[in-house]
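Heads up: the structure comes next, in structure tokens.
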């Protein structure tokens with residue numbers, strides 16, 4: 001009787017072991033299949049080409065003269081020290097490249113010179129996230145902690161990251177405290193997530209109760225992109241956006257590899273601004289690009305295959321509705337909306353001495369871009385050029401109106 005019991009026990013143990021091994025093998029197969037699926041179906045941007053109608057020489061010359069007047073007024077004495085481009089239907093009407101990448105070496109800025117986009121990088125991060133949503137790899141209203149298990153705020157969704165309604169605190173503020181982070185150490189995206197999870201970094205406001213522009217949102221979005229694609233953020237951007245669109249002069253800075261070779265930034269008095277412990281963080285910043293490359297991105301974002309109509313509509317819907325006003329924020333894009341029904345969509349940036357502005361007039365198919373590596377607020381003024389292309393309430397001097 002005892003021998004039978006032992007045999008029966010051994011058989012049960014053997015069956016249990018087989019069951020466990022079988023389960024492990026199945027799980028292993030599922031994980032491999034999941035990785036292959038994401039790799040094979042990685043959503044990629046598609047370029048928009050052969051836009052019509054072609055601009056006439058008369059039209060181009062008329063707009064070019066007006067833009068030239070604006071340029072000479074906005075950047076007196078060739079003080080741009082950066083790059084500037086205006087295009088319609090993907091066709092460049094006007095572009096200028098002035099100043100130096102490095103004031104010591106006197107290396108000139110050209111059309112191929114990648115400059116730091118600062119917060120205009122958010123448009124690119126949002127573009128990748130939106131493509132993943134469109135491909136059903138993630139969902140807009142998905143809780144962040146279902147993707148990043150360590151993420152400590154249960155009500156925050158991907159949507160509230162995109163539209164800055166998560167309620168999170170800015171990482172540049174809480175990492176400035178000695179008991180939170182040693183500023184002698186370079187900070188990474190992963191460090192920020194770990195600090196929020198382990199250092200009792202509370203929310204600044206309850207999730208989805210108000211709009212508060214916060215770089216931390218896009219740091220977390222970059223980590224989500226990495227988790228879902230299985231790629232580094234730099235490689236994901238390259239495969240999903242930069243390579244498919246032919247953005248040959250655009251890249252995400254790798255702090256360890258690129259920090260000594262990228263274009264430095266300067267104060268207004270031409271004193272170089274060195275990098276600090278926050279310069280390895282990406283998603284909210286750290287993309288380098290050119291106006292010509294950004295034009296390719298802008299036009300691809302107008303293509304009918306960019307996003308499904310319902311999702312695209314939400315991108316350009318304002319979500320900062322607590323206080324009535326002209327300015328608002330969609331999904332990775334700022335907007336100014338007038339009572340007349342006219343809207344411009346844009347994003348500005350400022351990091352160290354880098355300032356940037358990206359403006360897209362969706363109704364008129366106009367793209368306006370200005371980048372500078374010497375601190376100046378002048379790039380932000382380029383939105384005024386909208387008045388040359390549509391009924392936008394910006395005031396241009398008499399000489400700035402087209403002749």
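For this structure, a couple of remarks:
- Matching residues, segment 260-285, being under 15 Å from the mean Cα position of the chain (by Cα) and either more than 20 Å from residue 353 (Cβ to Cβ) or not in a loop (DSSP other than H, G, I, E, B) (or both): 283
- Residue match in segment 361-368 (condition: under 20 Å from residue 118 (Cα atoms) and either modelled with pLDDT under 95 or surrounded by 23 or more Cβ atoms within 10 Å (Cβ to Cβ) (or both)): yes
- Per-region count, segment 346-356, residues more than 17 Å from residue 218 (Cβ to Cβ) and surrounded by 22 or more Cβ atoms within 10 Å (Cβ to Cβ): 2
- Set 145, 141: member being part of a helix (DSSP H, G or I) and surrounded by fewer than 20 Cβ atoms within 10 Å (Cβ to Cβ): 145
- Of residues in segment 64-103 being without any contact (Cβ under 8 Å) to a residue 24 or more places away in the chain and out of contact with any strand residue (DSSP E or B) (no Cβ under 8 Å at 6 or more places or on another chain), the one surrounded by the fewest Cβ atoms within 10 Å (Cβ to Cβ): 77
Each row is one residue, and each column tells you yes or no for (1) in contact (Cβ under 8 Å) with a residue 24 or more places away in the chain; (2) touching a helix residue (DSSP H, G or I) at 6+ places or on another chain (Cβ under 8 Å); (3) surrounded by 23 or more Cβ atoms within 10 Å (Cβ to Cβ).
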residue	(1), (2), (3)
332	yes, yes, yes
338	yes, no, no
341	no, no, no
358	yes, yes, yes
375	yes, no, no
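- Subset of segment 276-297 (residues that are over 14 Å from residue 188 (Cβ atoms) and in contact with a helix residue (DSSP H, G or I) (Cβ under 9 Å, 6 or more places away or on another chain)): 287, 288, 289, 293, 294, 297
- Among the residues making up segment 238-254, those that are within 28 Å of residue 176 (Cβ to Cβ) and surrounded by 16 or more Cβ atoms within 10 Å (Cβ to Cβ) are 252, 253.
- Screening the candidates 66, 87 for the property of being assigned to a helix (DSSP H, G or I), over 19 Å from the mean Cα position of the chain (by Cα) and under 22 Å from residue 358 (Cα atoms) yields one hit, 66.
- Test result for residue 248, without any contact (Cβ under 8 Å) to a residue 40 or more places away in the chain and over 22 Å from residue 158 (Cβ atoms): no
- Here residue 247 fulfils each of the conditions (1) in contact with a helix residue (DSSP H, G or I) (Cβ under 7 Å, 6 or more places away or on another chain); (2) assigned to a helix (DSSP H, G or I) apart from (2).
- Residues that are without any contact (Cβ under 8 Å) to a residue 40 or more places away in the chain and surrounded by 16 or more Cβ atoms within 10 Å (Cβ to Cβ) were ranked within segment 191-200; the one that is nearest to residue 155 (Cα to Cα) is 195.
- Test: residue in segment 142-150 that is modelled with pLDDT of 95 or more and within 28 Å of residue 293 (Cβ to Cβ): no
- Beta carbons closer than 7 Å, at least 6 apart along the sequence or on distinct chains, pair a first residue in segment 307-322 that is without any contact (Cβ under 8 Å) to a residue 60 or more places away in the chain and at negative phi with a second that is outside any loop (DSSP other than H, G, I, E, B) and surrounded by 15 or more Cβ atoms within 10 Å (Cβ to Cβ) for 316/335; 316/345; 318/328; 318/329; 318/335; 318/337.
- Screening the candidates 227, 234, 257 for the property of being part of a helix (DSSP H, G or I), buried (at least 17 other Cβ atoms within 10 Å of the Cβ) and at pLDDT 95 or above yields one hit, 234.
The values are calculated or read from the model by the stated rules, or taken from the named source; none is laboratory data. Computed from a prediction, not measured in an experiment: that's the story for all the values here. Neighbour counts run over all protein chains shown; Cβ positions are idealised from the backbone, glycine included.
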